[in-house]
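The values are calculated or read from the model by the stated rules, or taken from the named source; none is laboratory data. Since the structure is predicted, the reported quantities are computational estimates derived from the model, not experimental observations. Methodologically, a virtual Cβ is constructed for each residue, glycine included, from the backbone with ideal geometry; neighbour enumeration extends over all protein chains shown. For the accessible areas, the whole protein counts, side chains as well, though only heavy atoms, and no ligand, DNA or RNA atoms are used. Shrake-Rupley method; radii C 1.70, N 1.55, O 1.52, S 1.80 Å.
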Amino acid sequence: MRARRIVLVLMDVDGVMTDGGISFIDSDRELKTYDAKDGVGLWIARRAGLRTGVISGRSSAAVLRRATELGMDEVHLEVKDKLAAT
């Protein structure tokens, strides 16, 4: 079964882990809303032995915080060519 070869689940953030909305607070801070169910899914993935991570074209303290809270193995921010980064 080919799925057994999967060792890393790497995903975008905006529109994948969020509803795609970005709200700006002041001039340099942003607000993102994450779905708690994603955290449960990532916990299950890690229990199954998968590594998890995010890849984003943007830099965001909110993304870094959420990835840390979820215990993600990889965090790639400000990536211009996501396919090349994998």
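Data for the structure
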item: Answer residue from region 43-60, given it is part of a loop (DSSP other than H, G, I, E, B) and among the hydroxyl-bearing types (Ser, Thr, Tyr) and is surrounded by the most Cβ atoms within 10 Å (Cβ to Cβ) among those; result: Ser56
item: Count of residues meeting criterion [closer than 21 Å to Leu50 by Cβ, modelled with pLDDT under 85 and of a type outside the set (A, V, I, L, M, F, W, C)] in region 6-17; result: 0
item: Test: Leu31 is out of contact with any Lys or Arg (no Cβ under 7 Å at 6 or more places or on another chain) and touching a residue at least 60 places away in the same chain (Cβ under 8 Å); result: no
item: From Val63, Val79, residue being open to solvent by less than 50 Å² (accessible area, probe 1.4 Å), at pLDDT 85 or above and in a helix (DSSP H, G or I); result: Val63
